[in-house]
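This report concerns only the one structure given below.
The values are calculated or read from the model by the stated rules, or taken from the named source; none is laboratory data. Everything numeric here is computed off the predicted structure, so don't read it as measured data. Cβ: placed from backbone, ideal geometry, glycine included. Neighbour counts: every protein chain shown.
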């Protein structure tokens, strides 16, 4: 599984996860990857964070983590697992289309754990 983030000011890191995504995994993504990314892209601002409200996104440990960062990140409440206006779904759709055309991401990346390049773009 691959986790990523996208914003109006840039892309977040692609985080490769092994196995099932749990609340603890998601909390570490939030604290180790998402939160630092938002601090870099939105210094001194209160960015709005959106997820698709999947069960792991609403676990108790995530609620506590969000509460701990309440003054740094605003969480947008969203309908459970709704793709409506979720821009990351557009990006995943783009990658699925490219993979049907020979673009080797993310399966190639997951099997080799090396950067994938195609048409001058590199994904790590």
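What to note about this one:
- Test for residue 33: is it at pLDDT 85 or above and touching a strand residue (DSSP E or B) at 6+ places or on another chain (Cβ under 7 Å): yes
- Residues that are in contact (Cβ under 8 Å) with a residue 24 or more places away in the chain and surrounded by fewer than 16 Cβ atoms within 10 Å (Cβ to Cβ), drawn from the stretch 22-34: 22, 24, 31
- Options 87, 40; residue that is loosely packed, with under 14 Cβ neighbours inside 10 Å, within 18 Å of residue 11 (Cα to Cα) and at pLDDT below 75: 87
- Hits in the stretch 21-43 - residues which are farther than 20 Å from residue 74 by Cβ and part of a loop (DSSP other than H, G, I, E, B): 21, 22
- Residues within the stretch 2-20 that are part of a loop (DSSP other than H, G, I, E, B) and either closer than 16 Å to residue 51 by Cα or touching a residue at least 24 places away in the same chain (Cβ under 8 Å) (or both), tallied: 7
- Qualifying positions in the stretch 53-66 - surrounded by 10 or more Cβ atoms within 10 Å (Cβ to Cβ) and at pLDDT 75 or above: 54, 55, 56, 57, 58, 59, 61, 62, 63, 64, 65, 66
- Taken together, the criteria place residue 46 among residues that are touching a strand residue (DSSP E or B) at 6+ places or on another chain (Cβ under 6 Å) and either part of a loop (DSSP other than H, G, I, E, B) or exposed (fewer than 14 other Cβ atoms within 10 Å of the Cβ) (or both).
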